[in-house]
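Heads up, the thing below is written out as structure tokens.
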Amino acid sequence: MPKYASSHEVKAFSQVSASDLGYSSDADYASFVNSLIDYAEAVVEAYCGTSWTSENVPAAVKFVVLQLVSNVLHQALQRKIAPVVSPVGAAGEMRIRVVISEAFTADLKALLDAHRVLDVTLEERVEEP
């Protein structure tokens, strides 16, 4: 179950509706969005090396989760609306290519950098006489 954002918040933030992606019910779409939120939270936690509860999640972390899920939804919408079609061969055959852009962008990572927990190992240095 998502901790950092709700499906309602994601839907309002992304402005992508159930019907935009071909879902016949809002419950099915909400379930899909919740699974994306779970994945986004796992990505953020892995990147930061820590996790938060819903009560203490930093605003930047919440924003990154909202934006990351929104990026994925917009990519899915773009693939649905306008797949890239290119000709292949001389017989007029067509090929559909899926364009996959980066959802977890450098800008989103930069927003999380202040919340990263880094492992530091100190080695004892012994000097020779």
Using a Cα-Cα cut-off of under 17 Å, which aspartates and glutamates could be cross-linked to Lys109, ignoring same-chain neighbours fewer than 8 residues away? Glu41, Glu45
Less than 17 Å apart at the alpha-carbon level, and either on another chain or at least 8 residues along: which lysines does that give for Lys11? Lys3, Lys62
Ranked packing of 117-125, 28-36, most packed first, by mean Cβ within 10 Å: 28-36, 117-125
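Just so you know, all these numbers are worked out from the coordinates, no wet-lab data involved. Just so it is clear, the structure is predicted and the values come from calculations on it, not from any experiment. Cβ sites come from the backbone with ideal geometry, for glycine too, and all protein chains shown count toward neighbours.
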